[in-house]
Amino acid sequence: DAGVIQSPRHEVTEMGQEVTLRCKPISGHDYLFWYRQTMMRGLELLIYFNNNVPIDDSGMPEDRFSAKMPNASFSTLKIQPSEPRDSAVYFCASSLGTGNQPQHFGDGTRLSIL
Amino acid sequence: QKEVEQDPGPLSVPEGAIVSLNCTYSNSAFQYFMWYRQYSRKGPELLMYTYSSGNKEDGRFTAQVDKSSKYISLFIRDSQPSDSATYLCAMVIYGNNRLAFGKGNQVVVIP
(Lines give C-alpha, C1' and ligand atoms only; values in the text may rest on other atoms or scores of the structure.)
Protein backbone atom coordinates (compact mmCIF):
# COMPACT_ATOMS: atom_id res chain seq x y z
CA ASP A 1 0.00 0.00 0.00
CA ALA A 2 1.21 3.49 -0.79
CA GLY A 3 1.82 5.58 2.27
CA VAL A 4 1.33 9.30 2.66
CA ILE A 5 2.98 11.05 -0.26
CA GLN A 6 4.37 14.56 0.03
CA SER A 7 5.87 16.82 -2.58
CA PRO A 8 8.26 18.39 -3.09
CA ARG A 9 10.80 16.65 -0.83
CA HIS A 10 12.97 19.75 -0.76
CA GLU A 11 12.18 23.37 -1.46
CA VAL A 12 14.59 26.28 -1.42
CA THR A 13 13.20 29.70 -2.19
CA GLU A 14 13.76 33.34 -1.44
CA MET A 15 12.00 35.34 1.21
CA GLY A 16 8.73 36.79 0.01
CA GLN A 17 7.96 34.02 -2.46
CA GLU A 18 4.86 31.86 -2.27
CA VAL A 19 5.43 28.26 -1.23
CA THR A 20 2.97 25.42 -1.82
CA LEU A 21 3.39 22.05 -0.17
CA ARG A 22 1.34 19.08 -1.30
CA CYS A 23 0.07 15.94 0.34
CA LYS A 24 -1.75 12.81 -0.76
CA PRO A 25 -3.10 10.88 2.26
CA ILE A 26 -3.54 7.13 2.48
CA SER A 27 -6.65 6.09 0.59
CA GLY A 28 -9.62 5.67 2.92
CA HIS A 29 -8.19 7.75 5.75
CA ASP A 30 -10.61 10.43 6.90
CA TYR A 31 -8.24 12.57 8.96
CA LEU A 32 -5.37 14.62 7.58
CA PHE A 33 -2.84 16.54 9.65
CA TRP A 34 -0.16 19.10 8.82
CA TYR A 35 2.81 19.39 11.18
CA ARG A 36 5.96 21.48 11.32
CA GLN A 37 9.18 20.18 12.87
CA THR A 38 12.10 22.31 14.05
CA MET A 39 14.97 21.66 16.42
CA MET A 40 13.79 24.37 18.76
CA ARG A 41 10.09 23.54 18.97
CA GLY A 42 9.90 19.90 17.94
CA LEU A 43 6.83 18.62 16.11
CA GLU A 44 3.91 21.02 16.14
CA LEU A 45 0.42 20.47 14.78
CA LEU A 46 -0.60 23.26 12.42
CA ILE A 47 -4.05 22.17 11.26
CA TYR A 48 -6.11 19.07 10.76
CA PHE A 49 -9.03 18.07 8.56
CA ASN A 50 -11.80 15.53 8.96
CA ASN A 51 -13.56 14.45 5.78
CA ASN A 52 -11.95 17.38 3.95
CA VAL A 53 -13.26 19.95 6.45
CA PRO A 54 -10.78 21.97 8.57
CA ILE A 55 -11.48 21.17 12.22
CA ASP A 56 -8.71 22.86 14.17
CA ASP A 57 -6.37 25.46 12.74
CA SER A 58 -5.26 26.92 16.05
CA GLY A 59 -1.68 25.87 15.36
CA MET A 60 -1.37 27.88 12.16
CA PRO A 61 1.21 30.50 13.12
CA GLU A 62 -0.19 33.47 11.24
CA ASP A 63 -2.32 34.57 8.32
CA ARG A 64 0.53 33.93 5.92
CA PHE A 65 -0.25 30.23 6.31
CA SER A 66 -3.28 28.61 4.70
CA ALA A 67 -4.33 25.02 4.06
CA LYS A 68 -6.94 23.45 1.84
CA MET A 69 -8.29 20.00 1.19
CA PRO A 70 -10.37 20.14 -2.00
CA ASN A 71 -10.95 16.38 -2.02
CA ALA A 72 -10.22 13.24 -0.02
CA SER A 73 -6.97 12.54 -1.83
CA PHE A 74 -5.24 15.90 -1.86
CA SER A 75 -4.26 18.71 0.46
CA THR A 76 -2.06 21.79 0.19
CA LEU A 77 -0.30 23.99 2.71
CA LYS A 78 0.55 27.42 1.39
CA ILE A 79 2.83 30.10 2.81
CA GLN A 80 2.55 33.57 1.29
CA PRO A 81 4.75 35.53 1.70
CA SER A 82 7.43 33.21 3.04
CA GLU A 83 9.97 34.30 5.65
CA PRO A 84 13.29 32.76 6.79
CA ARG A 85 11.74 31.73 10.11
CA ASP A 86 9.37 29.44 8.19
CA SER A 87 12.34 27.18 7.39
CA ALA A 88 11.50 23.76 8.82
CA VAL A 89 10.44 20.26 7.83
CA TYR A 90 6.72 20.08 7.14
CA PHE A 91 4.98 16.75 7.57
CA CYS A 92 1.60 15.56 6.47
CA ALA A 93 -0.05 12.64 8.27
CA SER A 94 -3.31 10.78 7.88
CA SER A 95 -5.32 8.46 10.07
CA LEU A 96 -8.49 6.41 10.07
CA GLY A 97 -10.71 7.55 12.89
CA THR A 98 -10.16 9.54 16.04
CA GLY A 99 -7.22 10.33 18.28
CA ASN A 100 -6.29 6.88 19.51
CA GLN A 101 -5.80 5.66 15.96
CA PRO A 102 -2.21 5.80 14.68
CA GLN A 103 -1.22 8.66 12.45
CA HIS A 104 0.80 7.70 9.39
CA PHE A 105 3.35 10.29 8.35
CA GLY A 106 4.82 11.16 5.01
CA ASP A 107 8.55 11.75 4.64
CA GLY A 108 8.15 15.51 4.83
CA THR A 109 9.11 18.56 2.82
CA ARG A 110 12.36 20.21 3.88
CA LEU A 111 11.77 23.92 3.36
CA SER A 112 14.53 26.52 3.34
CA ILE A 113 13.68 30.19 2.97
CA LEU A 114 16.71 32.33 2.13
CA GLN B 1 5.16 24.53 31.29
CA LYS B 2 5.10 22.52 28.10
CA GLU B 3 2.49 19.74 28.08
CA VAL B 4 5.04 17.02 27.31
CA GLU B 5 8.66 17.17 28.40
CA GLN B 6 11.30 14.97 26.82
CA ASP B 7 14.95 15.68 27.33
CA PRO B 8 16.21 15.95 23.73
CA GLY B 9 19.83 15.24 24.62
CA PRO B 10 21.48 12.70 22.28
CA LEU B 11 22.17 9.24 23.69
CA SER B 12 25.01 7.01 22.51
CA VAL B 13 25.16 3.39 23.62
CA PRO B 14 27.18 0.34 22.60
CA GLU B 15 25.46 -2.41 20.69
CA GLY B 16 23.65 -4.80 23.00
CA ALA B 17 23.03 -2.23 25.74
CA ILE B 18 19.63 -1.33 27.13
CA VAL B 19 18.30 2.04 26.02
CA SER B 20 16.02 3.88 28.42
CA LEU B 21 13.97 6.88 27.31
CA ASN B 22 11.32 8.80 29.19
CA CYS B 23 8.80 11.61 29.06
CA THR B 24 6.82 13.48 31.65
CA TYR B 25 3.53 15.23 31.10
CA SER B 26 1.36 17.71 32.93
CA ASN B 27 -2.16 17.04 31.63
CA SER B 28 -3.83 14.25 33.57
CA ALA B 29 -6.48 13.97 30.83
CA PHE B 30 -4.03 12.21 28.52
CA GLN B 31 -5.17 8.63 28.12
CA TYR B 32 -3.32 7.23 25.11
CA PHE B 33 0.45 7.08 24.98
CA MET B 34 2.62 6.38 21.99
CA TRP B 35 6.22 6.14 20.97
CA TYR B 36 7.22 7.08 17.45
CA ARG B 37 10.54 6.28 15.82
CA GLN B 38 11.96 8.68 13.25
CA TYR B 39 14.89 7.79 11.04
CA SER B 40 16.98 10.55 9.52
CA ARG B 41 15.13 12.39 6.74
CA LYS B 42 12.02 10.27 7.23
CA GLY B 43 8.66 10.83 8.86
CA PRO B 44 7.84 9.46 12.31
CA GLU B 45 6.44 5.92 12.40
CA LEU B 46 4.40 4.47 15.25
CA LEU B 47 6.46 2.07 17.31
CA MET B 48 4.30 1.35 20.34
CA TYR B 49 0.95 2.39 21.69
CA THR B 50 -0.67 1.87 25.08
CA TYR B 51 -3.50 3.29 27.14
CA SER B 52 -3.14 1.75 30.56
CA SER B 53 -0.65 2.05 33.36
CA GLY B 54 1.87 -0.74 33.46
CA ASN B 55 4.14 -2.38 30.91
CA LYS B 56 3.57 -3.42 27.33
CA GLU B 57 6.13 -5.51 25.49
CA ASP B 58 6.71 -5.95 21.78
CA GLY B 59 9.83 -7.91 21.00
CA ARG B 60 12.83 -5.97 22.25
CA PHE B 61 10.71 -2.93 23.08
CA THR B 62 8.86 -2.25 26.33
CA ALA B 63 6.62 0.74 26.92
CA GLN B 64 5.87 1.68 30.50
CA VAL B 65 3.22 4.09 31.72
CA ASP B 66 2.82 5.46 35.24
CA LYS B 67 -0.25 7.67 35.22
CA SER B 68 0.02 8.53 38.91
CA SER B 69 3.43 10.08 38.31
CA LYS B 70 2.60 11.31 34.79
CA TYR B 71 5.64 9.52 33.46
CA ILE B 72 6.17 7.21 30.51
CA SER B 73 9.22 5.24 29.43
CA LEU B 74 10.49 3.22 26.50
CA PHE B 75 13.10 0.52 26.93
CA ILE B 76 15.02 -1.09 24.10
CA ARG B 77 16.76 -4.34 25.00
CA ASP B 78 19.73 -5.75 23.12
CA SER B 79 20.01 -2.54 21.12
CA GLN B 80 21.12 -2.80 17.49
CA PRO B 81 22.71 -0.26 15.15
CA SER B 82 19.41 -0.31 13.22
CA ASP B 83 17.76 1.17 16.33
CA SER B 84 19.71 4.40 15.75
CA ALA B 85 16.97 6.99 15.29
CA THR B 86 15.09 9.72 17.08
CA TYR B 87 12.36 8.51 19.43
CA LEU B 88 9.41 10.78 20.13
CA CYS B 89 6.82 10.26 22.81
CA ALA B 90 3.28 11.36 22.05
CA MET B 91 0.02 11.37 23.92
CA VAL B 92 -3.60 12.26 23.34
CA ILE B 93 -6.88 12.73 25.16
CA TYR B 94 -9.56 10.20 24.24
CA GLY B 95 -11.70 11.48 21.37
CA ASN B 96 -9.28 14.30 20.66
CA ASN B 97 -7.08 14.40 17.61
CA ARG B 98 -4.33 16.70 18.80
CA LEU B 99 -1.31 14.57 19.55
CA ALA B 100 1.08 16.26 21.97
CA PHE B 101 4.65 15.30 21.11
CA GLY B 102 7.85 15.43 23.07
CA LYS B 103 10.86 16.96 21.30
CA GLY B 104 12.44 13.56 20.72
CA ASN B 105 15.60 11.75 21.82
CA GLN B 106 18.30 10.99 19.30
CA VAL B 107 19.71 7.52 19.96
CA VAL B 108 22.92 6.24 18.41
CA VAL B 109 23.83 2.57 18.84
CA ILE B 110 27.52 2.04 18.23
CA PRO B 111 28.54 -1.32 16.72
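The values are calculated or read from the model by the stated rules, or taken from the named source; none is laboratory data. Everything quoted here is computed from the prediction, not taken from an experiment. Cβ placement follows ideal geometry from the backbone for every residue including glycine, while neighbour counts extend to all protein chains displayed. Heads up: the accessible areas ignore ligands, DNA and RNA and are worked out on the full protein's heavy atoms, side chains in. Shrake-Rupley method; radii C 1.70, N 1.55, O 1.52, S 1.80 Å.
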DSSP beta bridges in the protein assembly as shown, what fraction antiparallel, as a percent rounded to 5?
90
From largest to smallest, what semi-axes in whole angstrom does chain A give when each is the square root of 5 times an eigenvalue of its alpha carbon gyration tensor?
23, 14, 13
Roughly how many Å² of residue B:70 are accessible to a 1.4 Å probe, to the nearest 10?
60
Kindly sort A:90, B:39 by accessible area of their heavy atoms, largest first, with the probe set to 1.4 Å.
B:39, A:90
Counting heavy atoms of the protein chains only and a 1.4 Å probe, report the per residue accessible area for the protein assembly as shown as a whole number of Å².
48
How large is the charge dipole for region A:56-103, taken about the Cα centre, if only the Cβ atoms of Lys, Arg (+1) and Asp, Glu (-1) carry charge, to the nearest 20 debye?
160
For residue B:48, other-chain or 5+-apart residues with amide H closer than 5 Å (H placed, Pro excluded) are B:35
Any idea of residue B:82's accessible area? Nearest 10 Å², probe 1.4 Å.
70
Set B:2/B:67; A:78/B:42; A:24/B:42; B:42/B:70; B:42/B:67; B:67/B:103, cut-off 23 Å on Cα-Cα distance; pairs above it are B:42/B:70; B:42/B:67
Accessible area, probe 1.4 Å, largest first, for residues A:10, A:104, A:29
A:10, A:104, A:29
Using protein chains only and a probe of 1.4 angstrom, how many square angstrom of residue A:55 are accessible, to the nearest 10?
90
Quantify how strongly other chains surround peptide A:34-42 by giving the mean number of their Cβ atoms within 10 Å of each of its Cβ atoms.
3
Mind checking the mean number of beta-carbon atoms from other chains within 10 Å of the Cβ atoms in B:85-96?
2
Kirkwood-type radius of chain B, with distances r between different C-alpha atoms, in Å
14.0
Interface A-B: total buried accessible area (1.4 Å probe, Å², nearest 100) of 1900
Work out how far the C-alpha atoms of the protein assembly as shown reach from end to end along every principal axis, then list the three figures in whole Å, largest first.
48, 39, 38
So the carbon and sulfur contribution to the accessible area of region A:1-103, 1.4 Å probe, in percent, is 50
Which of A:12, A:53 is most accessible, then next, and so on - probe 1.4 Å:
A:12, A:53
